[in-house]
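Novice: Have a look at this one before I ask anything.
Each value in this text was obtained by applying a stated rule to the coordinates, not by laboratory testing. Since this is a predicted model, take the numbers as computed values, not measurements. As a convention, Cβ positions derive from the backbone with ideal geometry for all residues, glycine included, and neighbour counts pool all protein chains shown.
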Amino acid sequence: MGYLKQRNPFENALKQFDKAAKVLKLSKNQIAVVKEPRRVTEVNLPIRMDNGSIQVFKAFRVQHSIARGPAKGGIRYHPQVHVDEVKALAFWMTYKCAVVNVPFGGGKGGIVVDPAKLSPAELERLSRRYFAEMSDLFGPDKDIPAPDVNTNSQVMCWMFDTYSMQHKEHIPGVITGKPLGIGGSAGREVATALGMFHCVVEAYRIMNKNLEGASVAIQGFGNAGSNAAKFLSDAGAKVVAISDISGAYYNPDGINVNTALSTCAQNKRWSLQGLEKQLQVEKLKDPMKLLELDVDILIPAALEDQITEENAANVQARLIAECANGPITVEADAILDKKGVRVIPDILCNAGGVTVSYLEWVQNRMGYYWAEERVNEDLKRFMVTAFQQVWQTSEQYKVNLRIAAFILSIRRVTEAAELRGLYA
Ligand code: NAD
């Protein structure tokens, strides 16, 4: 699995499930209905390249659960996308939607591709062909995709257009994360990071700590990571380290986030490349050392399996806010627990994205669009409510926040599955 260091994130996800299921004393029948994915689809997509040749791309869509509503989850483009990774991401979506209590199940998609190697026209043909090939699965009441790593609002727009053209109807509710000019929601672009920010503020409030001056390290500087840096620095926190595939940049006195953002914007592709020429920062020899810096808050915002049994003991952060999905393995969780490091788990911490996706879908179906203030107000209410419910569950069962988030969400999913019963 290449960038996942041969680990299997789906096994990791199932171990997380088992821990919570044990506390909940779920029966075998209950587990059977809500643990494994409902449907896994794999296709091979032939695409005509600009030079006239045909290249075939493998792609997936996993629908983990539709117990609480249509499947929901992003589409990832990455050369090492693997079906087990997509299954794990779909599984986390089911429980993420249940934690924040939006009426969706869980799904996820992926294409095995390095989009940096495609021209814009090739990328458009691939995105359209993916949606066309899978169009029986998708629909505003069936399965609603969204952006993920290496996909953006333009890709969502091509997919929405493909589906609408096939159905000869305007159907914006089939996908979320669309551009504002064509059915997107105000606030969606920054929603994941803003949701994380509400979680960190709540955690700090409950722990009686002051965010002003708190030091922060962030791994990944894309949609989630760069906006996380902006919200935290605007609130007075000191961002001391940031990284992306170009490397990790560190200054214990703080990094000017606005300069980092403008460096990314100036590069041909969004990247921190060359930041050491713009700012006084040290480029770390080993970018993974960013995870071991002595900081108050660590934010993994890149990919899965970054904190493992190999480096967890070296983590010095007091609080970890998981913007990425699955950045900490089960083994590492146990080590962090022993060290007293609090982890705001992915299925709570990065749920702001799917929450505003839900609000986008609602607006698409009403045909009436809200101002950003209204969206942000709703997002805050969903996030703060979920955070407080997870925190209370963790105190009630004396478990960490991850197990608490699973207890809360598994209970909601099993309840829905039981109320519905089995068809035929
Ligand atoms: P993105 O493509 O916008 O950014 C990913 C960033 O990670 C890039 O800066 C990339 O250079 C960096 N990166 C990749 N590999 C790295 C490595 N080995 N070390 C350091 N940096 C690395 O993606 P995104 O949308 O910001 O998603 C990031 C994470 O957040 C993913 O796990 C995704 O599933 C999760 N997430 C995103 C959203 C959302 O709305 N965007 C919602 C929920 C969860």
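Novice: Of Ala203, Ala313, Ala191, which is the most mobile in a GNM of the chain whose springs link Cα atoms less than 10 angstrom apart?
Specialist: Top of the fluctuation ranking is Ala313.
Novice: Still on this model: Quick check on the chain: helices-only [θ] at 222 nm, where DSSP H runs of length 4 and up contribute -39,500 (n - 2.57) each and the sum goes over total residues. Nearest 500, please.
Specialist: Numbers: 14 runs with 186 residues, N = 424.
Roughly -14000 deg cm²/dmol at 222 nm, from the helical runs in the chain.
Novice: Just to confirm the filter: which GluC sites (Glu not before Pro) across region 249-317 are DSSP coil and have at most 14 other Cβ within 10 angstrom of their Cβ?
Specialist: Details: sites: Glu276, Glu282, Glu292, Glu304, Glu309, Glu310; in loops: Glu304, Glu309, Glu310.
Those satisfying the criteria are Glu309, Glu310.
Novice: If every alpha-carbon in region 191-349 counts as one equal scatterer, what log10 I(q)/I(0) does Debye give at q = 0.12, 0.13 1/Å?
Specialist: So the normalised log intensities work out to -0.45, -0.53.
Novice: Between Gln280 and Lys398, what is the label-to-label distance in nm when each label sits 7 Å out along the Cα-to-Cβ direction?
Specialist: Calculated label separation equals 5.0 nm.
Novice: Kindly state, to the nearest 0.05, the FRET efficiency for Met366 paired with Arg269, given R0 = 41 Å and r defined as their beta-carbon distance. Walk me through the numbers before you get to the answer.
Specialist: Numbers: r = 36 Å, r/R0 = 0.89.
Working from the Cβ atoms, E equals 0.65.
Novice: Lys28: which lysines have alpha carbons under 28 Å from its alpha carbon, excluding same-chain residues fewer than 8 sequence positions away?
Specialist: Leaving aside lysines fewer than 8 places away in the same chain, those within reach of Lys28 are Lys15, Lys19, Lys72, Lys87, Lys96, Lys108, Lys142, Lys398.
Novice: Further, regarding this structure: With 10 Å bins from zero, work out the P(r) of region 21-72 over every alpha carbon pair and list the percent per bin.
Specialist: 20, 29, 23, 15, 9, 4
Novice: I need the trypsin sites (Lys or Arg not before Pro) found in region 277-346, filtered to DSSP loop residues with at most 16 other beta carbons within 10 Å of theirs.
Specialist: Numbers: sites: Lys277, Lys283, Lys285, Lys289, Arg318, Lys338, Lys339, Arg342; in loops: Lys285, Arg318.
Those that pass, being in a loop and sparsely packed, are Lys285.
Novice: Sticking with this one: Considering all projection directions equally, how large on average is the shadow of the alpha-carbon convex hull of region 300-424, in square nanometres? Before the final figure, lay out the partial values.
Specialist: On the way: hull surface 42.5 nm².
The Cα convex hull of region 300-424, projected and averaged over all directions, gives 10.6 nm².
Novice: Given region 64-193 reduced to its alpha-carbon atoms as identical point scatterers, what log10 I(q)/I(0) does the Debye formula return at q = 0.09, 0.15, 0.17 Å⁻¹?
Specialist: Taken in order of the listed q values, log10 I(q)/I(0) reads -0.23, -0.68, -0.89.
Novice: Next question. Viscosity 0.692 mPa s, temperature 37 °C: what is the translational diffusion coefficient of the chain from Stokes-Einstein with a Kirkwood Rh over Cα pairs, rounded to a whole number of µm²/s?
Specialist: On the way: Rh = 21.6 Å.
Stokes-Einstein gives a translational diffusion coefficient of 152 µm²/s.
Novice: Counting other beta carbons within 10 Å of each Cβ, put Arg129, Arg420 in order, fewest first.
Specialist: Numbers: Arg129 19, Arg420 12.
Neighbour counts put them in this order, fewest first: Arg420, Arg129.
Novice: Kindly work out what percent of the DSSP beta bridges joining two residues of region 191-349 are antiparallel, to the nearest 5.
Specialist: 30 percent
Novice: For Lys25, Lys87, Lys380, what ranking results if the residue with the fewest other Cβ atoms within 10 Å of its Cβ goes first?
Specialist: Numbers: Lys25 7, Lys87 23, Lys380 17.
By the 10 Å Cβ count, ascending: Lys25, Lys380, Lys87.
Novice: Something else: Quick one: which residues, 5+ away or cross-chain, put their amide H under 5 Å from the amide H of Ala248? H built at 1.01 Å from N.
Specialist: Leu284
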